[in-house]
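Input: a single structure, listed below in C-alpha cells.
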Amino acid sequence: ARFQRLVRLFRFHQVSSGDSVGSGKKDAHVPEVISKLFSAAHADLSEAHESNRPSSVVTSRVIVQDPRNPPVVRIEPLVPPACERLQFNCALGGRWHRFTLTPGTVQILVQGPTLAKTAHQLYGDDVKIPPKFIIPTHESDLGVEVRALPWHEVQVQHALTDLGRPDGSAGGFYSLMRRTRFTRVEVLRRLLHDSAPGEEPQPYHDEPYNDEVLTAPLRGALARLESVPRPPGWRKGDNEDLHTLQADASTRVRVILQYEKKEMQRDILFLEGEFSRVEGAIIGGRDLVEPEVLTIEEAKLRCTSIRGCKGFTFKGDVTEGALEIHFKDSTEVGGLGSTSFLFKDGETALLEVLKAQHEERFCQDAEELENKGLGEDHFSEYYKRCLREEEPSWDTLSNKVVDEILAATAAAGEAHRDKQRQDADGSAATLSAAPDFKVTVSEQRRRPFRNFITDRDGTVNNYCDRYSSCVQSAYNAAWLSHFARNCTDKAVFVTAAPLGGRPSAEGLLELCVAPRSEFTYTGSKGREYFDHGTQRVLEAMELPQEQRELIDELHRRILALCTQPGNMKFLGIGSGLQRKFGEVTMARNDPAGTVPDPESRRFMAAVRKIKEELDPDGTMLDLHDTGTDMEFFPRATDGRHFDKGTGVICLDQKLHLDVAQGPNLVCGDTGSDVSLVTAVLRLMCGDKMVEAWQERIKKEDEPEVSDPAPPDDLTRAPSTTFPDGKLSFHGSCEGECSPSVQMTAEELEQHRKEEAEKLAKEMEEEREAQEAASRLAVLFVVSPEQHEKTPQLAHKVRRWCEVSGAHCAIVPSPDVLVAALARYANQVAGRSVIEPRAPPQTNGEVS
C-alpha cells in the first residue's frame, strides 16, 4: 500500500511537469525528496536493485531477451516477500498486457490495442509486434515459451508453493521429496549392483550410477526447492533456508529447508564430482582412450564415464565449439598454449566439502569467534567436557573413531586366538599374537563385526525439521551400505520412529534409501521390524488383539478427520500423523507455532472427541499432550517400561543376532540411546555385572554424605577390614554375623579365607565381563546443541564404557561418524564404494 501511494505521488509530479508516463525511456523530473522516498520503498520490498523510479519494477521483470521478429521477452517472476501478488499493466507490441505475479505463478492477459503513441509503449523501439514470452519454471531455469492471444489468459507455474500430503499423493513439496527418494534408490541399485555368483562383476559404467538421467532429476529438485517463496519480511542476508509453503487454502507455513537443500547439493556433488580449470597441458600419464572431438560440457560427461580418468586436456583456450580432447590418467600439468580440466571424483570432492564445513564450524580461532560476536570460550567447555579434544579437527576425530573400532576388533581377534589355543590344548596350532587387523578378519571372521546396531536421525543421518521429508541422501546410504556389506554380519536400525510399510502409515521404510537387504529396519523402539525374506512387517513382541484394534481404529478416524477441509495442514507440519506399534502421534502444531492457537485448539478438541467416542470411560487410552503433539497409547496395566534396550533384547531373540558373542558396534545420539549400550552389555556380560556397574555409576552421580568415599580403583569389590585383629563388616552378613561378634583365631582365619575367595571370584567375574565388553565399540554423536540440553550425556556414555571396558568415541556430528565408517570400510574392502569390484581370483588365493 505504501508503495502504491508513492507511485501515485511520483506520477503526479511526472504529469505536472509534462513528462510522458509509461515508456520508462528517460529520467523522470521529480523532486529529490520523492525520489528518496521511492528508493526507500524499493528497499522495503527487498528489491535486489536500487532505483528511484516506479518503472524499474516492470523493467526488472519484463526484459527484452531477443528483439528480432517475433521479439522474445523474458519474465522474471520476482515477487517481494512482503507481497502476495504483484500486478501491473504495460503496453507491448501495440497491445496492453496485464501481468500478475504471485509467489508461484505468472499470469499474462493480452488486452485491447493501445490508443496512445508508440513512444509510450514499453520497449517501443524493440517490441513493435506482439512478442513471445519465456517464463522460467522450477523445473528448469531455461523456462517455457508461451504465446499470449488477445483476451486469453496464460498461466505458468514458476515455483513450488504447496506443502502437499506427507505420502506425496497430493503433489507439492512432499511429492517432490518422494520422487527424489526413487531417484536415490536407483543410484544405490546401480552403485551396489552385484553380479551372479561365479560371474565377473560388471563395472558400473555399463549402467552408470552417476548417469545424467539420475543427476538431472536431482538438479531439477534442488531448483524447485530453491524456488519456494520466502515469507513476508525476508531480505537478502536472512536465513537462506527459510521459505513458506501453502498448507491449505487458509494457512501458509514457514519451513526451514536446510536439510533438504544441503543433502541434495551433497548428492549432486557425490554423483558428478568436481572439475577445476588450469592453464597448461596434462603432461603426465597416458591417454585412456583415443582423442575425441567434443564440447567442454560433453567432455566433462565423458570424463566421468571413463574409469581412472583424472582429467582432460586440449590445445588453446576454452571455446563454445567442439575441440579435440585428450583424456588422461594423470594430474601433472605443464607447458603453455593448452588448457586442462582436472577431475576430482565425487567421493573425494564431497569429503573435502564435509571437512571444510566441519573445520569452519568447530575449529575457529579466537579472532574468528570475536568477529562473530562469540567469546573465546564459546566451544571450549564443549571441547573439553564432551569431546575431550583441545582442537576437534576432522582428521583427529575420524582417527579416534577408527582407532576405537580397531581396538574392539583386535580384542575380538585376541579372544579368538585364546580360544584356539585352549582348543588346541597346547599344540602348535596357534595363531600369531600380532593384533594385525587383516589377520583378524581373514583367519577368524569374514567381517570384523557381528552386529552394527544404530539409531538413525541425529546419529548416522542429519536431523530434519520434518520427519516426513527426511529422505536419506544417496551418499549417506552408499557409505553406510558399504560399511554394512563389508564390516558387519548384521546391521540393524533401532529407532523410536514409526516403521511404516503399511497403507496410510508411512515411516522409516519410506524414507530410507539404503537397500533393505543390507539393513534390518525396526521402528517403535524395536517392537516392529521389516523382514526382508518375507517382505513383511513383523512384530518383535505381541500386542493384545483388543489394543491393536483400538489403535487401528483410532488411526483410521484421525486420518479421516485430517482429510476434511481445513485439517489437511496438520498432516504436513511437525510430526504429522504417525502410526507406531501400539501408539498414534498426531501433530497439532510445530515448534515454530505455524498454526494459530485457536486453530490448534479447535483441531485438538476434534481429535479428543474421537478418543472419547472410542473410550467413553477413559480406561483404555492415555493421552499425552506435548504442546505440539498429541500422543495416544493403550493404558498400561503392568507398569512395564519399554525402551530401545528392551527392543534390542527382543530383536536378539527374534533375529538371532547372537549379540552375546560379539564383536558389536553400537551408535546413538540421545539419552534414550544409552539403553542400546546397556542392553548390549547385558547380553555380552550378564545382568548381574551390568547391575553392579549401574549401581556404581549411580553412586558416583548421586553420592550420599553418610557414605564413605569410594575406593580409587572402581574395579575393586567392597572389601572387609580387620582393625586390631577383630573383624569389622561394611554392611550385614545376611544374619550370619554382625560387627559385634567376637571370633576365635581359627574362625577369623577361615572367614578371611572365605572373604578373599569371594573377592577373588568377584574380581575374576568382572575381569571376564570386561574382557567380553572389550569386544564392543560405542560411537556417540553429541552435538553442541545436544550437549547444552543434556550436559551429562557424553560423560554417562563414556563412564559406562570406562567401567565395562568397552571402547568409546564421541563426535560432534553424523557427518564425522558416517565418513569415518566409510573410511574404515574402504580399508577393509580395499576400495571405496564408487570403485568397481575387482574380478574374482582364480588361482586359489584369498584376497
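The values are calculated or read from the model by the stated rules, or taken from the named source; none is laboratory data. Just so you know, these numbers come straight off a predicted model, no measurement behind them. Cβ atoms come from the backbone with ideal geometry, glycine included; neighbour counts cover every protein chain shown. All accessible areas refer to the heavy atoms of the entire protein, side chains included, with ligands and DNA or RNA removed. Shrake-Rupley method; radii C 1.70, N 1.55, O 1.52, S 1.80 Å.
Summed over the range 664-683, residues that are at pLDDT below 95 and in contact with a Leu (Cβ under 7 Å, 6 or more places away or on another chain) total 1.
Does L78 satisfy being without any contact (Cβ under 8 Å) to a residue 12 or more places away in the chain and part of a loop (DSSP other than H, G, I, E, B)? So L78 does not fit the description; no. Applying the set (1) closer than 30 Å to E381 by Cβ; (2) without any contact (Cβ under 8 Å) to a residue 24 or more places away in the chain to R823 leaves exactly one unmet item: (2).
Take the residues of the range 596-636 that are closer than 22 Å to R548 by Cβ and among the aliphatic types (A, V, I, L, M): which is surrounded by the fewest Cβ atoms within 10 Å (Cβ to Cβ)? This residue is A636. Annotation note: of R579, R557, R588, R527, the sole residue that is in contact (Cβ under 8 Å) with a residue 40 or more places away in the chain, touching a His at 6+ places or on another chain (Cβ under 8 Å) and either surrounded by 14 or more Cβ atoms within 10 Å (Cβ to Cβ) or not polar (S, T, N, Q) (or both) is R579. Taking the criterion of being in a loop (DSSP other than H, G, I, E, B) and more than 28 Å from L257 (Cα to Cα), the residues of the range 444-496 that qualify are R445, R446, R447, P448.
I256 meets the stated requirement of being in contact with a strand residue (DSSP E or B) (Cβ under 7 Å, 6 or more places away or on another chain), open to solvent by 10 Å² or more (accessible area, probe 1.4 Å) and closer than 23 Å to N461 by Cβ.
The criterion of at least 1 residues that are basic (K, R), within 32 Å of the chain's Cα centre (by Cα) and farther than 24 Å from L508 by Cβ is met by none of the strands (runs of 3 or more DSSP E) wholly inside the range 568-625. Considering only residues in the range 110-139 that are loosely packed, with under 13 Cβ neighbours inside 10 Å and in a loop (DSSP other than H, G, I, E, B), the one that is modelled with the highest pLDDT turns out to be I129.
Screening E367 against (1) within 25 Å of A794 (Cβ to Cβ); (2) open to solvent by 70 Å² or more (accessible area, probe 1.4 Å); (3) at pLDDT below 75 leaves a single unmet condition, (1).
Determine whether L550 is among the aliphatic types (A, V, I, L, M), out of contact with any Phe, Trp or Tyr (no Cβ under 9 Å at 6 or more places or on another chain), open to solvent by less than 40 Å² (accessible area, probe 1.4 Å) and not in a loop (DSSP other than H, G, I, E, B). So L550 fits the description; yes.
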